[in-house]
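Structure first, then comments.
The values are calculated or read from the model by the stated rules, or taken from the named source; none is laboratory data. In this text the structure is predicted, and so the values were computed from the model without any measurement. Positions of Cβ are backbone-derived with ideal geometry, glycine not excepted, and every protein chain shown enters the neighbour counts. Please note that ligands, DNA and RNA were not included when accessible areas were found on the heavy atoms of the full protein model with its side chains. Shrake-Rupley method; radii C 1.70, N 1.55, O 1.52, S 1.80 Å.
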Amino acid sequence: MKVTDRRESIELCTESGWQAYDLILDGQMDRDTIFRLGKLGDLTYLEMLKQPFYRIEQNYYMIKGLEGADRLRVAMLTGHEEILVRVEAAICGGPK
């Protein structure tokens, strides 16, 4: 799987020093990819839901989305945009 597009999020968070992007995927987010992303921070994975939800948090960024969706959101403190590269590498299965 790979990221096909990166879109600035429509949710406003720049006033607080944060920015967010929606990463569009060429497939659906699966459990294995969620757990690979989970290595980037503290993973919360709610698999008991009809459509499982996940969130990965660290001090300077947060990644969240739904299993089976074709997108995820990455929010980061301004100045920590390098996390986007790490997320994309994890989605592709490469080095993190």
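In region 63-79, which residues have a backbone nitrogen under 17 Å from the label point lying 7 Å from Glu47's Cα in the Cα-to-Cβ direction? Zone members listed by number: 65-69. Assuming R0 = 22 Å, what is the FRET efficiency of Ile10 and Leu84, from their Cβ-Cβ distance, to the nearest 0.05? The computed FRET efficiency comes out at 0.80.
Between the Cα long axis of helix 83-92 and the first principal axis of the chain there is an angle of about 20°, rounded to the nearest 10.
Computed on the chain, with alpha-carbon pairs under 8 angstrom and 6+ residues apart, the relative contact order is 29 percent. Expressed as a whole percent, the accessible area of region 19-96 that falls on carbon and sulfur atoms is 49 (1.4 Å probe). Ligands, DNA and RNA are left out, and with a 1.4 angstrom probe the accessible area of the chain is 59 Å² per residue. In this rough spin-label picture, where each label sits 7 Å from Cα along the Cβ direction, the Cys92-Lys64 distance is 2.8 nm.
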